[in-house]
Amino acid sequence: MENSKVEKLIIIGSGPAGLTAAIYAARGALDPLVIAGREAGGQLILTTDVDDFPGFPEGIQGPDLMVNMRKQAERFNTRFINEDVLSVDFSQKPLIIKTETKELKAQTVILATGASAMWLNLESEQRLRGKGVSACAVCDGFFFKGKNVTVVGGGDTAMREVNYLSKICNKVTVIHRREELRAQSALQELVKSKSNVGFVFNSEIDEILGQDKVTGVKIKNTQTREISTLQVDGVFIAIGHKPNTDFLKGQIDLDEKGYIKVSDETKTSVEGVFSAGDVSDHKYRQAVTAAGVGCKAVFDVEEYLENLK
C-alpha cells in the first residue's frame, strides 16, 4: 500500500545504531519512522550477558538492553514498523522504500541494518549460542577468564580474536580447515608467539559438546576424516561477518565484502542517505561504537535538511 506522506527521516534497522539514531532524531523534532525488521534488535538479541555497555554496573542481558533502548525511543514518540525492507529506490527524490506491505517516501534515510556473524550451521552451535558459543571475543571473552577456549577460523578476524583471548584465557586453540592461516603475516606472527596458543590445522568442528553449557568439541580432520575430542569451556566462531545489504545492491556504493562505503563517517554515495553501525563498520563492531555513529548520523541528517531549505 502506497503512502503519500513524505517522511523527514526513515531509519532502517533497530540495533544500537538505529535506536540511538531514533532517540536523537525524535528529540530533535525529526519525527523518525523506524523500520525495525521482523528480527528486531540486532545481534544483541542473540547475546546474553553484556558487561561492556556503559551505564550498567551489574551488566545487562542483551535483549533487555535492546528493549530499554526501544522504550526510550518510543518515549519520544518514535514510530515503528516491524517489517523487513524488500527494496529501495534511491535514484530519485523523495527516496522510496518498499516493505512487505508498504511503499514509503523519505527526504532522508539512515541505514543501520548491521552485519550478521557467519556460523557453522551446526545444531549444537545454535543450541549453545550464548551458553559458551560466541562470535565476539571482546563481548564475551571476560566470562572465560582463566579457562580453555577454541577459536574457529584462520583470517584476520580470527587472529584478532585469538590475540585478545590469549591475554585472559588459560589456553586458546585455533581450529582451521586449511593447512595454513589466511591472516596477514603480522597477525600470524603475533599469535604464534603466544605460549598459550595452539593450532589444529586441516580440521573442522563436527559437534559442540554440552547440554546447558559448552564442555568440549568434536573435531574432524578434513583429510583423514578422523574424529578427536578437545575439552574447552568456550567456542568462538570467527569465520567472518556478512553485512545486511542485499537489498541495497545497485542502489548505493558497497565495498567488495558488501559493506556500505562511507565518507565523513556517515555519508554514503547517495545524497540524503546515511549509514551507521556495523553495516559500514567491519573493524570495531561494538554496540557502543554503533550507538555513537547512530548519533553522528542524525546530526548529519539535520545538517542536510537545513541545507535543503
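Are any residues in the range 76-116 in contact with a helix residue (DSSP H, G or I) (Cβ under 9 Å, 6 or more places away or on another chain), small (Gly, Ala, Ser) and closer than 20 Å to residue 301 by Cβ, and if so, which ones?
Within the range 76-116, 112, 114 qualify.
Quick one: residue 255 ticks every box in (1) free of Cβ contacts under 8 Å to residues at least 24 places away in the same chain; (2) surrounded by 23 or more Cβ atoms within 10 Å (Cβ to Cβ) except a single one, so which number is it?
Residue 255 satisfies all of (1) free of Cβ contacts under 8 Å to residues at least 24 places away in the same chain; (2) surrounded by 23 or more Cβ atoms within 10 Å (Cβ to Cβ) except (2).
What are the residue pairs meeting all of these: first residue in the range 36-51, first residue surrounded by fewer than 22 Cβ atoms within 10 Å (Cβ to Cβ), second residue hydrophobic (A, V, I, L, M, F, W, C) and modelled with pLDDT under 75, Cβ atoms under 8 Å, and 6 or more apart or on different chains?
Between residues of the range 36-51 that are surrounded by fewer than 22 Cβ atoms within 10 Å (Cβ to Cβ) and residues that are hydrophobic (A, V, I, L, M, F, W, C) and modelled with pLDDT under 75, the close pairs are 39/45.
From the set of residues in the range 270-284 that are over 12 Å from residue 15 (Cα atoms) and under 12 Å from the mean Cα position of the chain (by Cα), which is surrounded by the fewest Cβ atoms within 10 Å (Cβ to Cβ)?
Going through the qualifying residues, I end up with 283.
Within the group 293, 301, which residue is surrounded by 21 or more Cβ atoms within 10 Å (Cβ to Cβ) and touching a strand residue (DSSP E or B) at 6+ places or on another chain (Cβ under 7 Å)? Write out each step before concluding.
Numbers: 293 fails: touching a strand residue (DSSP E or B) at 6+ places or on another chain (Cβ under 7 Å).
So the residue among 293, 301 that is surrounded by 21 or more Cβ atoms within 10 Å (Cβ to Cβ) and touching a strand residue (DSSP E or B) at 6+ places or on another chain (Cβ under 7 Å) is 301.
Considering only residues that are buried (at least 19 other Cβ atoms within 10 Å of the Cβ), touching a helix residue (DSSP H, G or I) at 6+ places or on another chain (Cβ under 6 Å) and farther than 15 Å from residue 234 by Cα, which ones fall in the range 157-172?
Within the range 157-172, 159 is the sole residue that qualifies.
Can you name the residue in the range 102-133 that is of a type in the set (Ser, Thr, Tyr) and modelled with pLDDT of 95 or more and, of all such residues, is surrounded by the fewest Cβ atoms within 10 Å (Cβ to Cβ)?
Selected residue: 124.
Quick check on this structure: which one of 178, 160 is under 26 Å from residue 257 (Cα atoms), assigned to a helix (DSSP H, G or I) and of a type in the set (Lys, Arg)?
Values: 178 fails: assigned to a helix (DSSP H, G or I).
So the residue among 178, 160 that is under 26 Å from residue 257 (Cα atoms), assigned to a helix (DSSP H, G or I) and of a type in the set (Lys, Arg) is 160.
Determine whether residue 175 is buried (at least 16 other Cβ atoms within 10 Å of the Cβ), in contact with a Ser or Thr (Cβ under 6 Å, 6 or more places away or on another chain) and either closer than 27 Å to residue 121 by Cβ or not assigned by TED's automatic domain parsing to the domain that holds residue 138 (or both).
So residue 175 fits the description; yes.
The values are calculated or read from the model by the stated rules, or taken from the named source; none is laboratory data. No experiment lies behind these values; they were computed from the predicted model shown. Cβ atoms come from the backbone with ideal geometry, glycine included; neighbour counts cover every protein chain shown.
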